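Peer 1: A single structure is presented below for examination.
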Amino acid sequence: MFERYGNAWPPPQGAFELDHLIPLVLGGDNSEANLWPQPAGPGPSFRDKDALEVRLAWLVCVKGLPLVEAQHRIATDWIAAWTALRDIPRGKTP
């Protein structure tokens, strides 16, 4: 998978995470089409996307955000979704 995206294998330790485009918690799967090597940085990293996944799952399960909307947000532009949601306190629905 790393070579498919033009990255050397094995990658430097901690430099990448093999990530799900749509996370399992939001109905994603382990197919190759849903996996990609996500860098640790610079800029928003796999840690930021992991935090977004938790926030979106919370919005779906607790606040009633439609699952398809959460999947669309993370699959089309996760950085925009992360930017929009990172500073919203829990209890507020975007």
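The values are calculated or read from the model by the stated rules, or taken from the named source; none is laboratory data. Note that the coordinates shown come from a computational prediction; the quantities given were computed from them, not determined experimentally. Here the Cβ is made from the backbone with ideal geometry for all residues, glycine too, and neighbour counts use every protein chain on show.
Peer 1: Of all residues in the range 5-23, how many are without any contact (Cβ under 8 Å) to a residue 24 or more places away in the chain and loosely packed, with under 12 Cβ neighbours inside 10 Å?
Peer 2: 6
Peer 1: Mind listing whichever residues of the range 19-32 are at pLDDT 95 or above, over 9 Å from the mean Cα position of the chain (by Cα) and over 22 Å from residue 87 (Cβ atoms)?
Peer 2: 24, 27, 28, 29, 30, 31
Peer 1: Moving on to the next point. Of all residues in the range 33-74 being among the β-branched types (Val, Ile, Thr) and either in contact with a Lys or Arg (Cβ under 9 Å, 6 or more places away or on another chain) or at pLDDT below 90 (or both), which is nearest to residue 8 (Cα to Cα)?
Peer 2: 74
Peer 1: Of a type in the set (A, V, I, L, M), part of a helix (DSSP H, G or I) and either modelled with pLDDT of 95 or more or more than 11 Å from the chain's Cα centre (by Cα) (or both): is that true of residue 88 in this structure?
Peer 2: No.
For every residue, the table says whether it meets (1) in contact (Cβ under 8 Å) with a residue 40 or more places away in the chain; (2) not charged (D, E, K, R).
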| site | (1), (2) |
| --- | --- |
| 25 | no, yes |
| 38 | no, yes |
| 47 | no, no |
| 52 | no, yes |
| 71 | yes, yes |
| 77 | no, no |
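Peer 1: Return the total of residues in the range 1-16 being within 19 Å of the chain's Cα centre (by Cα) and either among the polar types (S, T, N, Q) or not in a loop (DSSP other than H, G, I, E, B) (or both).
Peer 2: Count: 2.
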